[in-house]
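Remarks on the structure that follows.
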Amino acid sequence: MKHQDIFEKVSIAGHEMAKVPCEIVYDLLTDLAAEIIKQTPYIIEENAKDLALMDPSDPKYDRLLLNEARMKAISADMLNVASLPSPLGKVTEERFMPNGLFISKITVPFGVIGVIYEARPNVTFDVFSLCIKSGNACILKGGSDARYSNEAAVSIIKKVLLRFSLNPSTCELMPADRESTALMLNARGFIDVIIPRGSKQLIDFVAENSKIPVIETGAGIVHTYIDETADISQASAVINNAKTRRVSVCNALDCLIVNNRQLTNLPGILMPLSEKNVVIYADEPSFAALKGKYPGNLLENATTESFGTEFLSYRMAVKTVNNLNEALEHIRRYSSKHSEAILSTDQASIDRFINEVDAAAVYSNASTAFTDGGQFGLGAEVGISTQKLHARGPMGLAELTSYKWIIKGNGQTR
């Protein structure tokens, strides 16, 4: 199928989706969730073809990997999305005007949502479930590193769409080449919004070259600040989880900021990381505190490049500060405005941190690993927006809608 044909077909499907009853969408997603479990051996077999072409040491490998547990999680997320209330047709404003006009504002679908992403085949299912639940069609462009996985996923989605007599072009997958990306970015009149998910390079390329509105899901350069009053046992568990739960995801911890009064506790806080072979890039004060107490083969001196880096691996920077002011300044300078956290028992410090940090998700005394649509009760997510227009943070159903004004009159003229 030619690119232009794909764009036209998905555009038509987008218009048709507005007429599909909520009950049909619920039944379809429930059926698809069951089909995913049924087809798990086939999906894993296709995923293995992609994995065979990637170096297991590549940070993307973990994102690319599909196994039985992850397929069950994908199916469960789809059931969660199916059970959520429809975001469509909600009246967000209404008023009678002095001239007798009745004006209201209601939520509506975008129409066609384009998503460009890299080695994340779970995104294929997540995006489809969120798009169809919010009345949208979707056009997907995955990376060549997940070609077989994405093709398998979309073939299953199309099979279920046909089973429910719905337009199979409600979900289209573009060829995994650069030409397809360029064509999508110029498909004005067919695609209503583009959402990139992946590396900073991908996101920057899409934002700089798209002629279609873009919602940026930015890279995660994530910090956690341990202040002088932090609960040390709690801090150790939170830091270990934020750094090592899954190192290849955007909410993983990249830089630990530590108050200098906690330097004597730093070896104990970080020792669990050594069990996962986490390399620490420590500034001068923290290096001195860790030397001889953290494995020498995992401890290195920090450089200027250590800060402001999204590692996506078992590596982490440590920055020492004298007070909250310096912690806030370090975050202001290096943050990607994704997720930031403070560990403290001082309420005034917590309040100030929450109020002053400019990020999509700001935490106190919890792991940044929770920045996720499913964890926020959204069912799933299409991405985590780090911008401030339209959507910010995990993007679920509500963020995949726009609105229109409805004006009812009785012959009024102006």
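Please treat every number below as a calculation from the coordinates, not as lab data. What you see is a predicted model, and the numbers here were worked out from it, not measured in a lab. Glycine also receives a Cβ, built like all others from the backbone with ideal geometry; neighbour counts cover every protein chain displayed.
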Do any of Lys72/Lys200; Lys243/Lys319; Lys38/Lys141; Lys60/Lys293; Lys243/Lys388; Lys9/Lys404 go past 22 Å between their Cα atoms, and which?
Lys72/Lys200; Lys38/Lys141; Lys60/Lys293; Lys243/Lys388; Lys9/Lys404
Read phi for every residue in region 147-163 and hand back ³J(HN,Hα) as whole Hz from Karplus 6.51 cos²θ - 1.76 cosθ + 1.60, θ = phi - 60°, with x for Gly and Pro.
4, 5, 5, 5, 4, 5, 4, 5, 5, 5, 4, 5, 4, 6, 4, 5, 4
Hey, for a label at Leu263 modelled as a point 7 Å past Cα toward Cβ, could you say which residues of region 292-336 have their backbone N under 17 Å away?
292-294, 300-303, 318-324, 326-327
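If R0 is 45 Å, what FRET efficiency do you get for Ile106 and Glu284 from their C-beta distance, rounded to 0.05?
Numbers: r = 58 Å, r/R0 = 1.29.
With a Förster radius of 45 Å, E is 0.20.
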Relative contact order for the chain, counting Cα pairs under 8 Å that sit 6 or more residues apart, in percent:
18 percent
extent check for region 75-156: Cα max minus min per principal axis, descending, whole Å, gives 60, 24, 17
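Can you compute the helix-only [θ] at 222 nm over the chain? Use -39500 (n - 2.57) per DSSP H run of at least 4 residues, normalise by all residues, nearest 500 deg cm²/dmol. All intermediate terms of the calculation are to be shown ahead of the outcome.
Values: 14 runs with 162 residues, N = 414.
Estimated from H runs of four or more residues: -12000 deg cm²/dmol.
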For region 200-263 the mean separation of alpha carbon contacts under 8 Å (6+ apart) over residue count, i.e. relative contact order in percent, is 39 percent
Alpha-carbon radius of gyration plus Dmax, which is the widest Cα pair, for the chain in Å
23.4, 84
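Can you pull out the GluC sites (Glu not before Pro) in region 268-334 whose DSSP state is coil and whose Cβ has at most 12 other Cβ atoms within 10 Å?
Details: sites: Glu275, Glu300, Glu305, Glu310, Glu326, Glu329; in loops: Glu275, Glu310.
Qualifying residues, ordered by number: Glu275.
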Using θ = phi - 60° and the Karplus relation 6.51 cos²θ - 1.76 cosθ + 1.60, list the HN-Hα couplings for region 341-350 in order, rounded to whole Hz, with x at every Gly or Pro.
9, 10, 10, 6, 10, 9, 5, 5, 5, 4
What FRET efficiency comes out for Val91 versus Leu53 if R0 is 56 angstrom and r is the Cβ-Cβ distance? Round to the nearest 0.05.
0.65
10 Å-binned pair-distance histogram of region 7-74 (Cα, whole percent)
17, 30, 28, 22, 3
Please work through the chain and write down the cysteines that have no neighbouring cysteine Cβ at a distance under 4.7 Å.
Cys22, Cys171, Cys250, Cys255
Relative contact order of region 222-370 (C-alpha contacts under 8 Å, at least 6 apart) in percent is 33 percent
